[in-house]
Amino acid sequence: MGAYETISVDPVTPRVGALVSGVDLGGPLGNQQFQEIHDALMRHEVLFFRDQHMSLDQHKAFGARFGELDVHPGSPGPDGHPEILIIHADENSKRVAGERWHSDVSCLPEPPMGSVLHLHVVPPCGGGDTLFASAGAAYDALSEPMKQFLAPLTAIHSGDHVYRGRYAHQGVDDRDKVYPEAQHPIVRTHPVTGRKSLFVNETFTTRIPELTPAESRALLDFLTAHIVKPEFQVRFKWAENSVAFWDNRAVQHHAMWDYYPEVRSGFRVTIKGDRPF
Ligand code: SIN
(Lines give C-alpha, C1' and ligand atoms only; values in the text may rest on other atoms or scores of the structure.)
Protein backbone atom coordinates (compact mmCIF):
# COMPACT_ATOMS: atom_id res chain seq x y z
CA MET A 1 0.00 0.00 0.00
CA GLY A 2 1.76 3.13 -1.19
CA ALA A 3 0.86 6.81 -1.27
CA TYR A 4 -2.56 7.84 -2.51
CA GLU A 5 -2.86 9.56 -5.90
CA THR A 6 -6.62 9.87 -6.36
CA ILE A 7 -7.84 10.60 -2.80
CA SER A 8 -6.60 12.38 0.32
CA VAL A 9 -6.52 10.39 3.54
CA ASP A 10 -6.10 12.10 6.93
CA PRO A 11 -5.88 9.80 9.95
CA VAL A 12 -8.17 10.83 12.81
CA THR A 13 -6.25 8.78 15.37
CA PRO A 14 -3.02 6.83 14.87
CA ARG A 15 -4.81 3.51 15.46
CA VAL A 16 -8.20 3.75 13.84
CA GLY A 17 -10.21 6.02 11.57
CA ALA A 18 -9.37 8.36 8.69
CA LEU A 19 -11.14 11.18 6.87
CA VAL A 20 -11.13 10.69 3.10
CA SER A 21 -11.64 13.55 0.66
CA GLY A 22 -11.36 14.06 -3.09
CA VAL A 23 -13.93 11.45 -4.08
CA ASP A 24 -17.60 11.52 -5.09
CA LEU A 25 -19.07 8.28 -3.78
CA GLY A 26 -22.18 8.81 -5.94
CA GLY A 27 -20.19 8.66 -9.16
CA PRO A 28 -18.64 5.61 -10.74
CA LEU A 29 -15.31 4.82 -9.08
CA GLY A 30 -12.31 4.27 -11.32
CA ASN A 31 -10.21 1.20 -10.57
CA GLN A 32 -7.42 3.19 -8.96
CA GLN A 33 -9.80 5.17 -6.77
CA PHE A 34 -11.53 1.94 -5.75
CA GLN A 35 -8.17 0.35 -4.90
CA GLU A 36 -7.02 3.37 -2.89
CA ILE A 37 -10.24 3.46 -0.86
CA HIS A 38 -9.87 -0.26 -0.24
CA ASP A 39 -6.21 0.22 0.81
CA ALA A 40 -7.20 3.08 3.14
CA LEU A 41 -9.92 0.94 4.71
CA MET A 42 -7.44 -1.88 5.31
CA ARG A 43 -5.03 0.55 6.94
CA HIS A 44 -7.46 2.67 9.01
CA GLU A 45 -10.36 0.21 9.54
CA VAL A 46 -13.06 2.90 9.27
CA LEU A 47 -13.24 5.76 6.75
CA PHE A 48 -15.25 8.96 6.98
CA PHE A 49 -16.44 11.10 4.06
CA ARG A 50 -18.17 14.51 4.08
CA ASP A 51 -20.73 16.09 1.72
CA GLN A 52 -21.70 12.97 -0.19
CA HIS A 53 -24.88 12.88 -2.26
CA MET A 54 -26.01 9.38 -3.17
CA SER A 55 -29.38 8.01 -4.25
CA LEU A 56 -30.21 4.56 -2.92
CA ASP A 57 -29.06 3.05 -6.22
CA GLN A 58 -25.76 4.95 -6.08
CA HIS A 59 -25.29 3.93 -2.45
CA LYS A 60 -25.83 0.29 -3.40
CA ALA A 61 -23.49 0.64 -6.40
CA PHE A 62 -20.72 2.03 -4.18
CA GLY A 63 -21.11 -0.82 -1.67
CA ALA A 64 -21.27 -3.41 -4.45
CA ARG A 65 -17.80 -2.40 -5.70
CA PHE A 66 -16.47 -4.03 -2.53
CA GLY A 67 -18.55 -7.23 -2.64
CA GLU A 68 -22.03 -8.67 -2.88
CA LEU A 69 -24.57 -6.81 -0.76
CA ASP A 70 -26.23 -8.50 2.18
CA VAL A 71 -29.94 -8.40 3.02
CA HIS A 72 -30.56 -7.87 6.74
CA PRO A 73 -32.09 -10.95 8.45
CA GLY A 74 -34.74 -8.90 10.29
CA SER A 75 -35.24 -5.37 9.04
CA PRO A 76 -37.06 -4.83 5.72
CA GLY A 77 -35.59 -2.26 3.32
CA PRO A 78 -37.51 0.50 1.56
CA ASP A 79 -39.67 -0.66 -1.39
CA GLY A 80 -37.54 -2.15 -4.14
CA HIS A 81 -34.33 -1.94 -2.07
CA PRO A 82 -34.05 -5.02 0.16
CA GLU A 83 -30.29 -4.41 0.53
CA ILE A 84 -30.86 -1.05 2.22
CA LEU A 85 -31.07 -0.93 6.02
CA ILE A 86 -33.05 2.05 7.30
CA ILE A 87 -31.38 3.80 10.23
CA HIS A 88 -33.92 6.10 11.82
CA ALA A 89 -34.72 7.51 15.24
CA ASP A 90 -37.28 10.11 16.28
CA GLU A 91 -39.56 11.03 19.17
CA ASN A 92 -41.46 7.73 18.81
CA SER A 93 -38.39 5.51 18.99
CA LYS A 94 -38.07 3.06 21.86
CA ARG A 95 -34.60 1.98 20.79
CA VAL A 96 -32.15 2.66 17.99
CA ALA A 97 -30.03 0.38 15.82
CA GLY A 98 -26.59 -0.31 17.19
CA GLU A 99 -26.89 1.34 20.58
CA ARG A 100 -24.70 -1.36 22.13
CA TRP A 101 -21.22 -2.26 20.91
CA HIS A 102 -21.22 -4.77 18.07
CA SER A 103 -19.83 -5.93 14.77
CA ASP A 104 -22.74 -5.97 12.30
CA VAL A 105 -24.78 -9.19 12.20
CA SER A 106 -21.95 -11.23 13.74
CA CYS A 107 -24.54 -14.00 14.27
CA LEU A 108 -24.24 -14.91 10.57
CA PRO A 109 -22.01 -17.88 9.70
CA GLU A 110 -20.29 -15.50 7.26
CA PRO A 111 -20.57 -12.09 8.95
CA PRO A 112 -20.39 -8.93 6.81
CA MET A 113 -17.07 -7.62 5.57
CA GLY A 114 -18.15 -3.99 5.77
CA SER A 115 -20.97 -1.49 6.11
CA VAL A 116 -21.52 1.91 4.50
CA LEU A 117 -23.76 4.32 6.42
CA HIS A 118 -25.02 7.56 4.82
CA LEU A 119 -26.85 9.95 7.14
CA HIS A 120 -29.26 12.48 5.64
CA VAL A 121 -30.65 13.99 8.83
CA VAL A 122 -28.58 14.65 11.93
CA PRO A 123 -29.87 15.96 15.26
CA PRO A 124 -29.85 19.79 15.33
CA CYS A 125 -28.72 19.65 18.98
CA GLY A 126 -25.54 17.69 18.07
CA GLY A 127 -24.95 14.19 19.39
CA GLY A 128 -25.70 10.94 17.60
CA ASP A 129 -21.99 10.24 17.13
CA THR A 130 -20.82 6.75 16.19
CA LEU A 131 -17.95 5.27 18.19
CA PHE A 132 -15.62 2.71 16.63
CA ALA A 133 -13.11 0.50 18.44
CA SER A 134 -10.18 -1.32 16.83
CA ALA A 135 -10.46 -4.98 17.80
CA GLY A 136 -6.94 -5.54 16.44
CA ALA A 137 -5.44 -2.87 18.69
CA ALA A 138 -7.31 -4.48 21.59
CA TYR A 139 -5.87 -7.89 20.72
CA ASP A 140 -2.34 -6.49 20.40
CA ALA A 141 -2.59 -5.03 23.92
CA LEU A 142 -3.27 -8.41 25.57
CA SER A 143 -0.51 -10.31 27.37
CA GLU A 144 1.07 -13.33 25.64
CA PRO A 145 -0.43 -15.82 28.17
CA MET A 146 -3.91 -14.37 27.52
CA LYS A 147 -3.38 -14.57 23.74
CA GLN A 148 -2.38 -18.22 24.09
CA PHE A 149 -5.37 -18.98 26.32
CA LEU A 150 -7.77 -17.41 23.82
CA ALA A 151 -6.24 -19.00 20.70
CA PRO A 152 -8.27 -22.27 20.67
CA LEU A 153 -11.53 -20.78 22.00
CA THR A 154 -14.73 -20.04 20.09
CA ALA A 155 -17.88 -18.11 20.93
CA ILE A 156 -21.55 -18.37 20.03
CA HIS A 157 -23.13 -15.33 18.37
CA SER A 158 -26.92 -15.30 18.37
CA GLY A 159 -29.43 -13.08 16.54
CA ASP A 160 -32.59 -14.21 18.31
CA HIS A 161 -32.39 -12.08 21.45
CA VAL A 162 -31.33 -9.08 19.34
CA TYR A 163 -33.90 -9.16 16.55
CA ARG A 164 -37.05 -10.98 17.74
CA GLY A 165 -40.00 -8.61 17.83
CA ARG A 166 -37.80 -5.67 17.06
CA TYR A 167 -39.22 -4.83 13.66
CA ALA A 168 -42.91 -5.19 14.59
CA HIS A 169 -43.33 -1.42 14.07
CA GLN A 170 -42.30 -2.02 10.43
CA GLY A 171 -45.00 -4.69 10.04
CA VAL A 172 -42.71 -7.69 10.57
CA ASP A 173 -44.33 -10.75 12.19
CA ASP A 174 -41.35 -12.97 13.07
CA ARG A 175 -43.10 -15.55 15.26
CA ASP A 176 -42.08 -18.40 12.93
CA LYS A 177 -38.76 -16.98 11.90
CA VAL A 178 -35.45 -18.58 12.85
CA TYR A 179 -32.73 -15.97 13.32
CA PRO A 180 -29.12 -16.89 12.59
CA GLU A 181 -26.70 -18.24 15.17
CA ALA A 182 -23.03 -19.01 14.54
CA GLN A 183 -19.89 -20.19 16.30
CA HIS A 184 -16.78 -18.13 15.55
CA PRO A 185 -13.18 -18.11 16.78
CA ILE A 186 -12.65 -15.54 19.55
CA VAL A 187 -9.44 -14.46 17.84
CA ARG A 188 -9.93 -14.03 14.11
CA THR A 189 -7.36 -13.36 11.41
CA HIS A 190 -8.16 -10.62 8.92
CA PRO A 191 -8.39 -12.24 5.47
CA VAL A 192 -6.64 -9.30 3.75
CA THR A 193 -4.18 -7.83 6.27
CA GLY A 194 -3.50 -11.00 8.28
CA ARG A 195 -3.95 -9.00 11.49
CA LYS A 196 -5.39 -10.82 14.49
CA SER A 197 -8.30 -9.26 16.35
CA LEU A 198 -10.86 -10.05 19.04
CA PHE A 199 -14.21 -11.11 17.61
CA VAL A 200 -16.71 -11.07 20.49
CA ASN A 201 -19.19 -8.28 21.20
CA GLU A 202 -21.71 -7.40 23.87
CA THR A 203 -24.70 -7.42 21.49
CA PHE A 204 -24.55 -10.82 19.80
CA THR A 205 -22.03 -12.97 21.71
CA THR A 206 -23.75 -15.19 24.25
CA ARG A 207 -21.24 -17.79 25.47
CA ILE A 208 -17.94 -19.56 25.09
CA PRO A 209 -18.87 -23.22 24.75
CA GLU A 210 -15.46 -24.59 25.82
CA LEU A 211 -15.81 -22.96 29.30
CA THR A 212 -18.23 -23.31 32.21
CA PRO A 213 -21.09 -20.75 32.21
CA ALA A 214 -19.42 -18.74 34.99
CA GLU A 215 -16.02 -18.77 33.28
CA SER A 216 -17.65 -17.87 29.97
CA ARG A 217 -19.53 -14.90 31.46
CA ALA A 218 -16.43 -13.58 33.25
CA LEU A 219 -14.23 -13.85 30.16
CA LEU A 220 -16.82 -12.28 27.84
CA ASP A 221 -17.30 -9.42 30.31
CA PHE A 222 -13.55 -8.87 30.42
CA LEU A 223 -13.07 -9.04 26.65
CA THR A 224 -16.04 -6.88 25.66
CA ALA A 225 -14.96 -4.19 28.13
CA HIS A 226 -11.30 -4.45 27.04
CA ILE A 227 -12.07 -4.06 23.30
CA VAL A 228 -13.91 -0.78 23.78
CA LYS A 229 -11.35 0.99 25.99
CA PRO A 230 -11.04 4.66 24.94
CA GLU A 231 -7.48 4.21 23.66
CA PHE A 232 -8.70 1.84 20.94
CA GLN A 233 -11.53 4.13 19.83
CA VAL A 234 -12.33 6.85 17.36
CA ARG A 235 -15.55 8.85 17.60
CA PHE A 236 -17.22 10.25 14.49
CA LYS A 237 -19.29 13.41 14.63
CA TRP A 238 -21.81 13.29 11.82
CA ALA A 239 -22.98 16.13 9.60
CA GLU A 240 -25.73 15.95 7.01
CA ASN A 241 -24.57 13.79 4.08
CA SER A 242 -21.57 12.30 5.86
CA VAL A 243 -20.69 8.68 5.17
CA ALA A 244 -18.87 6.14 7.34
CA PHE A 245 -17.47 2.97 5.79
CA TRP A 246 -16.26 0.45 8.35
CA ASP A 247 -14.60 -2.96 8.20
CA ASN A 248 -16.64 -5.25 10.47
CA ARG A 249 -13.73 -7.70 10.57
CA ALA A 250 -11.54 -5.07 12.21
CA VAL A 251 -13.73 -2.76 14.32
CA GLN A 252 -16.79 -2.77 16.51
CA HIS A 253 -19.11 0.21 16.73
CA HIS A 254 -21.67 1.83 18.97
CA ALA A 255 -24.35 4.35 17.93
CA MET A 256 -24.76 6.97 20.65
CA TRP A 257 -28.44 7.75 21.33
CA ASP A 258 -28.06 10.96 23.27
CA TYR A 259 -30.33 13.15 21.11
CA TYR A 260 -33.87 11.95 21.95
CA PRO A 261 -36.42 13.22 20.85
CA GLU A 262 -34.61 14.67 17.82
CA VAL A 263 -34.47 12.96 14.42
CA ARG A 264 -31.42 11.13 13.04
CA SER A 265 -31.92 9.30 9.78
CA GLY A 266 -30.14 7.59 6.93
CA PHE A 267 -29.42 4.38 5.10
CA ARG A 268 -26.84 1.62 5.35
CA VAL A 269 -25.67 -1.03 2.94
CA THR A 270 -23.87 -4.07 4.23
CA ILE A 271 -21.28 -6.03 2.24
CA LYS A 272 -21.05 -9.79 2.59
CA GLY A 273 -17.97 -11.33 4.19
CA ASP A 274 -16.30 -14.69 4.77
CA ARG A 275 -16.37 -17.29 7.50
CA PRO A 276 -13.99 -16.05 10.24
CA PHE A 277 -10.83 -18.09 10.81
C1 SIN B 1 -25.34 0.53 12.96
O2 SIN B 1 -25.11 0.34 11.77
O3 SIN B 1 -25.13 -0.30 13.81
C4 SIN B 1 -25.85 1.90 13.36
C5 SIN B 1 -24.73 2.87 13.37
C6 SIN B 1 -25.20 4.28 13.59
O7 SIN B 1 -26.41 4.55 13.50
O8 SIN B 1 -24.36 5.13 13.86
### Task
Quick one: net charge around residue 199, please, counting Lys, Arg +1 and Asp, Glu -1 for every other residue with C-beta under 11 Å from its C-beta.
+3
### Query
Could you give the length gained on full extension between residue 21 and residue 263, defined as 0.36 nm per residue of separation minus the Cα-Cα distance, in nm?
84.5 nm
### Task
Calculate the spin-label point distance for residue 90 paired with residue 225, positioning each point 7 Å from the Cα along the beta-carbon direction, and give it in nanometres.
3.9
### Message
Can you classify region 4-68 as rounded, prolate or oblate using the Cα gyration tensor, where a ≥ b ≥ c are the square roots of its eigenvalues, rounded means a/c under 1.5, and otherwise it's prolate if a/b beats b/c and oblate if not?
### Response
prolate
### Query
Short version: ³J(HN,Hα) in whole Hz for each residue of region 97-113, in order, from phi by Karplus 6.51 cos²θ - 1.76 cosθ + 1.60 (θ = phi - 60°), x for Gly and Pro, what are they?
5, x, 7, 10, 4, 6, 10, 3, 6, 5, 6, 6, x, 10, x, x, 6
### Summary
The local net charge around residue 211, scoring Lys/Arg +1 and Asp/Glu -1 for residues other than residue 211 whose Cβ lies under 14 Å from its Cβ, equals -1
### Spatially close lysines, pair count over the chain: Cα under 30 Å, gap of eight or more or interchain
19
### residue 64-residue 125 pseudo-label distance in nm [points 7 Å out on the Cα-to-Cβ vector]
4.0
### Query
So what's the net charge close to residue 268: Lys and Arg +1, Asp and Glu -1, counting the other residues with Cβ under 12 Å from its Cβ?
-2
### Task
Take the Cα pairs of region 57-161, get the Kirkwood Rh, then feed it into Stokes-Einstein at 25 °C and 0.890 mPa s and tell me D in µm²/s.
145
#### Entry: Residue-normalised accessible area of region 164-229, given per residue in Å² at a 1.4 Å probe
52
### Message
Need one word for region 160-277: rounded, prolate or oblate. Basis is the Cα gyration tensor (sqrt eigenvalues a ≥ b ≥ c); a/c below 1.5 gives rounded, then a/b vs b/c decides.
### Response
oblate
#### Entry: Cα convex hull volume per residue for the chain (Å³)
129
### Task
Specify the inter-centroid distance of region 118-170 and region 5-81, based on alpha-carbon positions, in whole Å.
20
#### Entry: Two-site FRET efficiency, residue 3 against residue 181, from Cβ-Cβ distance with R₀ of 51 Å, rounded to 0.05
0.70
### Query
Per residue, what accessible area does region 2-151 have, given a 1.4 Å probe and all protein chains present, in Å²?
43
### Task
Have a look at 179, 167, 139 and tell me which one the Gaussian network model of the chain (Cα, springs below 10 Å) gives the largest fluctuation.
167
### Summary
Of every hundred units of 1.4 Å-probe accessible area on the chain, the number belonging to carbon and sulfur atoms, as a percent, is 52
#### Entry: Paramagnetic reach from residue 100 in region 196-231 [backbone N under 12 Å; point 7 Å along Cα→Cβ]
201-207, 221
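The values are calculated or read from the model by the stated rules, or taken from the named source; none is laboratory data. The structure displayed is predicted, hence computed values, not measured ones. Cβ: placed from backbone, ideal geometry, glycine included. Neighbour counts: every protein chain shown. Quick note on the areas: whole protein, heavy atoms, side chains included, nothing else; ligands and nucleic acids left out. Shrake-Rupley method; radii C 1.70, N 1.55, O 1.52, S 1.80 Å.
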